[in-house]
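A.B. asks: The structure follows.
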Amino acid sequence: MKVYLIRHAESEGNVKKSFDKKLNDWNLSKKGEKQARKLARKLKNLNVEAVYGSTLSRTFQTAKPFLKNKSIEFIKDKRLNEFNHGEIKGNWEEAIKYRKKLAKKLGIGFSEVKLPKGESIKDHFDKTNSFMKDLINKKYKGNILIFSHGGTNRSIIKSIKKLDLNELQKIPQSNTAINELEWDGKNWKINKINSIKHLGIPKKAIKLFNKVRDSKYDVLTNNCWDKHKKLQKRLKKAGFGTLKAVEKFKWDDQKLPKEILKIPHPKVDYYLYLLVWIHGTGNIIDCSFDKKLPYYNKWDGENHTKVLVNGTRILSKEKEKIIEKSKEEIPKRLKEYHKFYDAVNNFWEEQRKT
């Protein structure tokens with residue numbers, strides 16, 4: 001059995017950038033309707049045994065162009081509905097902070113926190129896992145289409161890949177993204193995640209990413225903050241939406257020689273990278289290290305790149321404070337620890353020669 005797990009096309013809620021706290025039944029936008037037709041052309045030669053979707057209108061509207069002139073039922077299942085955030089204030093970053101705070105207060109796991117008039121992450125995982133188990137028990141042999149939501153798709157993919165909760169948002173899900181899953185009778189295999197070739201790969205954004213990435217990385221004069229601010233400006237000019245992201249890290253946890261780490265250096269530092277919006281999802285992109293270094297990022301326009309430091313993502317208001325303070329703090333830090341940063345630069349210069 002092969003399963004094509006598909007996120008819905010752009011909805012009116014996506015256009016409004018609504019954090020879908022209550023399961024609002026958004027219709028597709030005009031752009032979303034075009035995306036659905038492109039998806040139908042991509043899938044037109046696919047022989048399908050069954051088609052499933054959530055009970056929310058945007059999934060059926062996404063499937064409708066494909067189902068046209070086909071005598072196949074669209075089977076609605078509420079277990080495929082988007083994660084219900086309930087009644088909380090703020091965006092998804094605030095929701096994460098709320099869950100962490102409540103989990104600590106109640107002495108329960110992060111995934112067990114039930115949001116006011118909403119559900120817990122565990123509730124959502126249990127629903128999607130229940131659906132997938134029932135799908136297996138139906139013993140389909142052919143192709144199955146599932147029209148679903150970003151959160152639901154991530155939940156299904158997480159269970160198959162056995163990912164940690166912290167990695168959940170690292171699964172990109174663009175509008176009409178196709179995820180190809182295969183059941184061999186014993187195990188699931190993932191063939192594709194977030195395929196969006198039917199909508200068009202963002203070649204302009206990839207070109208801008210490569211150009212900034214390939215400018216020589218230098219901690220003092222062309223560091224992660226310099227490069228990503230430059231890239232953000234160019235992406236914005238080219239019409240791409242972006243968001244700054246910050247990682248808190250320790251130099252002692254990075255891949256540096258011990259003799260360099262003996263030089264006085266900051267205990268904690270901050271690393272800037274970006275999210276760029278591609279067909280309705282934020283792709284993590286990190287262009288810091290140039291391609292002459294032993295490890296650097298390639299970006300295909302569909303998937304996230306790695307974040308090139310081992311650290312912890314800073315969320316919401318704390319992130320904004322760090323970004324604001326960076327204008328004054330970074331020059332001071334570079335001056336105070338100049339000897340250390342100089343040694344890091346020299347180390348990477350040697351790496352370029354190998």
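A.B. asks: Is there a residue in the range 141-159 that is on the phi > 0 side of the Ramachandran plot and outside any helix (DSSP H, G or I)?
C.D. replies: no
A.B. asks: Quick check on the range 295-332: of everything there that is surrounded by 17 or more Cβ atoms within 10 Å (Cβ to Cβ) and among the charged types (D, E, K, R), which residue is farthest from Ile206 (Cα to Cα)?
C.D. replies: The residue in question is Lys319.
A.B. asks: Something else now. In this structure, does Lys258 turn out to be of a type outside the set (Val, Ile, Thr), without any contact (Cβ under 8 Å) to a residue 12 or more places away in the chain and out of contact with any Leu (no Cβ under 8 Å at 6 or more places or on another chain)?
C.D. replies: So Lys258 fits the description; yes.
A.B. asks: Can we say Asn175 is within 18 Å of Gly280 (Cβ to Cβ) and either assigned to a strand (DSSP E or B) or within 14 Å of the chain's Cα centre (by Cα) (or both)?
C.D. replies: yes
A.B. asks: Just checking, which of Tyr295, Tyr273, Tyr341 is over 30 Å from His198 (Cα atoms) and modelled with pLDDT of 95 or more?
C.D. replies: Tyr341
A.B. asks: Now for a different question. Look at Tyr296 and say whether it is out of contact with any Leu (no Cβ under 9 Å at 6 or more places or on another chain) and either under 15 Å from Leu208 (Cβ atoms) or in contact (Cβ under 8 Å) with a residue 24 or more places away in the chain (or both).
C.D. replies: Spelling it out, it is not the case that Tyr296 is out of contact with any Leu (no Cβ under 9 Å at 6 or more places or on another chain) and either under 15 Å from Leu208 (Cβ atoms) or in contact (Cβ under 8 Å) with a residue 24 or more places away in the chain (or both).
A.B. asks: Would you say Leu231 is assigned to a helix (DSSP H, G or I), in the same structural domain as Trp348 (by TED's automatic domain parsing) and touching a strand residue (DSSP E or B) at 6+ places or on another chain (Cβ under 9 Å)?
C.D. replies: The answer is yes for Leu231.
A.B. asks: Could you check, for the range 331-354, whether at least one of its residues is within 29 Å of the chain's Cα centre (by Cα) and either among the small types (Gly, Ala, Ser) or farther than 18 Å from Gln254 by Cα (or both)?
C.D. replies: no
A.B. asks: Here's something else I'd like to know. From (1) assigned to a loop (DSSP other than H, G, I, E, B); (2) within 20 Å of Trp348 (Cβ to Cβ); (3) not aliphatic (A, V, I, L, M), pick out the condition that doesn't hold for Gly239.
C.D. replies: Unmet condition: (2).
A.B. asks: Here is a follow-up. Just one of Leu28, Leu5 is within 23 Å of the chain's Cα centre (by Cα) and closer than 23 Å to Ile157 by Cα; which is it?
C.D. replies: Leu5
A.B. asks: Further question on the same structure: Of all residues in the range 159-177, which are more than 25 Å from Gly32 (Cβ to Cβ) and among the polar types (S, T, N, Q)?
C.D. replies: Hits for the range 159-177 are Ser159, Asn166.
A.B. asks: While we're looking at this one, here's another question. List the pairs whose first member sits in the range 137-163 and is among the hydroxyl-bearing types (Ser, Thr, Tyr), whose second member is loosely packed, with under 14 Cβ neighbours inside 10 Å, and whose Cβ atoms are under 9 Å apart, counting only residues at least 6 apart or on separate chains?
C.D. replies: none
A.B. asks: Of the numbered conditions (1) surrounded by fewer than 16 Cβ atoms within 10 Å (Cβ to Cβ); (2) in contact (Cβ under 8 Å) with a residue 40 or more places away in the chain; (3) over 14 Å from Leu308 (Cα atoms), Leu235 fails exactly one; give the number of that condition.
C.D. replies: (1)
A.B. asks: Turning to a different aspect of this structure: Can you report the number of residues in the range 264-305 which are assigned to a loop (DSSP other than H, G, I, E, B) and closer than 21 Å to Gly151 by Cα?
C.D. replies: So the count comes out to 7.
Conditions (1) in contact (Cβ under 8 Å) with a residue 60 or more places away in the chain; (2) within 22 Å of Leu256 (Cβ to Cβ), marked per residue:
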{"residue": "Tyr270", "(1), (2)": "no, yes"}
{"residue": "Trp277", "(1), (2)": "no, no"}
{"residue": "Asp300", "(1), (2)": "yes, no"}
{"residue": "Val307", "(1), (2)": "yes, yes"}
{"residue": "Gly311", "(1), (2)": "yes, yes"}
{"residue": "Ile322", "(1), (2)": "yes, no"}
{"residue": "Lys335", "(1), (2)": "no, yes"}
{"residue": "Asp342", "(1), (2)": "yes, yes"}
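The values are calculated or read from the model by the stated rules, or taken from the named source; none is laboratory data. The shown structure was predicted, so the numbers you read here are calculated from the model rather than taken from an experiment. Don't worry about glycine lacking a Cβ; one is built from the backbone with ideal geometry, like all the others, and counts go over all protein chains shown.
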